[in-house]
Amino acid sequence: MDNFPSFCGRREQAFTRRDFLERAGAGFGALALLDLLKGSALAAPQSINPLAPKKPHFAPKAKSVIFLFMEGGPSHMDTFDPKPLLQELAGKPIPPSFGRVITAMGEFDSPILASKRQWAQHGKGGLWVSDWLPHIATCADDIAVLRGCWADGINHSAGVCQMNTGSILAGRPSLGAWTSYGLGSENQNLPAFVVMQDNASSVVNGPRNWGGGFMPAVYQGTRITASSEPIPNLNTPAGISDAQQRGKLDFLNTLNREHAATRQLQTELDARIASYELAFRMQAEAPEAVDMAKESDETKKLYGIDAKETAEFGKMCLLSRRLVERGVRFVQLYSGAGSKWDAHTKIEANHSKLCHATDKPIAGLLKDLKSHGLLDSTLVIWGGEFGRTPQSEKGDGRDHNPTGFTMWMAGGGVRGGQTIGSTDEVGLHAVEQRMHVHDIHATILWLMGLDNMDLVYKYKGRPERPTLNEGGPYKKIAG
């Protein structure tokens, strides 16, 4: 009768459906439950480490990912996709032959806005890069530019959500979480998935962008900062020995596991317990991993840490190199957190500032990874949730454009110096070698040794996949 309400003042535990299956009829009902949960972390013993290294589906070309997310949507026709026709049609309506432009505010019919950029070809492959990004241009032979990208999200919430999770609707695991689930972590003393952003503003959708969705919360990203204390409250308080800290943690885990035992479907509890254990291990290794004091002045200058305008993103990029160097699987950096790249007006001032803040740090990251022998095993990705329209908004800005935009990849087995796909003559629609977000995600996973259709997590009896059963890798990107 212990599981039924008592009127004697005794505190009772909740009696769940899982408890009923485990206890009624000699527990035979639980056998069916275990079969339904087969393949899910819920069926696994707690002693199994969900972040232990796992074998990929096939030989990987990359071991780690650094995703440089330009939040708000950078203008492709002002960075990597020159459109001379914009100069000819400036101030005129877009020709009907290019189709309608639909934005979050409805149909968009403003006149075309010319680009003020100066363009030049760079590297052996002759990649076109604008004068906004002179430092990245020096890395042209390491970069593959994807000009035929397209997505479904018209507004920032849907666009950022899809670029991170594959869906315009919230609730699915992020790409970093899928990578952690599929491959585990190479370093058990550091998080498998780390997130940083360049200012205090909230990224659109917040932590959902790096969340675990319907998977166990242990796969979600860990946010750190590039400040003097990258991981708050990590250091052991003064006067507390390792033995005392270990004793406190053991006692806390005992209480937590007793609490979690009757709430086995709440994976956040297991994730919280795992986070305490990870934090204890991180106290030994993480301070060294995030300590940039030992980096040379030459290295800091390479990343632009010596200049106010580039210091913030430069620190984030340098931390990224230090983290992947130590086995962190997936690192995501947000530039312009809070949709700062969203240039509905004054695009010249907006993009000039943000390009300047990120150009040298990103080039420094590529060069530093290369000098450390890490670029071949680290896939670097650049892009936002969408691009921008060829038409003007408010006279000197550009609106959202998910129907055609540019991203690029470097390292991690990617053959640099190539341009893949194209948009039409005004940069409105992707027209050749089109790559949807699902294809982009499938390509990233493929470079990591994972098949997007074979990476499966059972949720409510359904086989869930990172690309929602769609998309495929663009294998020609590899060298």
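What do you reckon, is Thr378 in the same structural domain as Met316 (by TED's automatic domain parsing), of a type in the set (Ser, Thr, Tyr), buried (at least 23 other Cβ atoms within 10 Å of the Cβ) and under 22 Å from Lys301 (Cβ atoms)?
yes
Could you tell me which residue of region 302-331 is nearest to Asp368 (Cα to Cα), considering only residues that are in a helix (DSSP H, G or I), touching a Phe, Trp or Tyr at 6+ places or on another chain (Cβ under 8 Å) and not aliphatic (A, V, I, L, M)?
Of everything passing the filter in region 302-331, Cys317 is nearest to Asp368 (Cα to Cα).
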>> I'm told Arg462 meets every condition in (1) within 27 Å of Ser339 (Cβ to Cβ); (2) out of contact with any Gly (no Cβ under 9 Å at 6 or more places or on another chain) except one. Can you identify the failing condition by its number?
In response: (1)
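Out of all the residues in region 130-155, which are touching a Leu at 6+ places or on another chain (Cβ under 7 Å) and assigned to a strand (DSSP E or B)?
Scanning region 130-155 gives Ile143, Val145.
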>> Contact list please: Cβ distance under 8 Å, first residue in region 55-71 and within 16 Å of Asp376 (Cβ to Cβ), second residue aromatic (Phe, Trp, Tyr), pairs at least six apart or on different chains.
In response: Ser64/Phe330; Val65/Phe330
>> Against the conditions (1) outside any strand (DSSP E or B); (2) crowded, with 24+ Cβ neighbours inside 10 Å, where does Met407 fall short? Just the number, please.
In response: (1)
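Restricting attention to region 353-374, and to residues there that are aliphatic (A, V, I, L, M) and in contact with an Asp or Glu (Cβ under 7 Å, 6 or more places away or on another chain), which single residue is farthest from His429 (Cα to Cα)? Before you say what the answer is, go through the steps one by one.
Quick first cut of region 353-374, residues aliphatic (A, V, I, L, M) only: 354, 357, 362-363, 365-366, 369, 374.
Of the ones still in play, those that are also in contact with an Asp or Glu (Cβ under 7 Å, 6 or more places away or on another chain) are 357, 366, 374.
Numbers: Ala357: 29, Leu366: 30, Leu374: 35 Å.
The selected residue is Leu374.
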> What tally of residues in region 79-107 results from selecting those that are within 30 Å of the chain's Cα centre (by Cα) and at pLDDT below 85?
Replying inline: 6
>> Whether any residue in region 342-352 is under 19 Å from the mean Cα position of the chain (by Cα), of a type in the set (Lys, Arg), surrounded by fewer than 24 Cβ atoms within 10 Å (Cβ to Cβ) and modelled with pLDDT of 95 or more is what I want to check.
In response: no
> Which pairs have Cβ atoms under 6 Å, sit 6 or more apart or on different chains, and link a residue in region 72-84 that is farther than 15 Å from Lys346 by Cα and of a type in the set (Phe, Trp, Tyr) to one that is outside any loop (DSSP other than H, G, I, E, B) and modelled with pLDDT of 95 or more?
Replying inline: Phe80/Val145; Phe80/Thr406
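The values are calculated or read from the model by the stated rules, or taken from the named source; none is laboratory data. For clarity, every value in this text was computed on a predicted model and none was experimentally measured. Ideal geometry is used to build each Cβ from the backbone, glycine not excepted, and the neighbour counts take in all protein chains shown.
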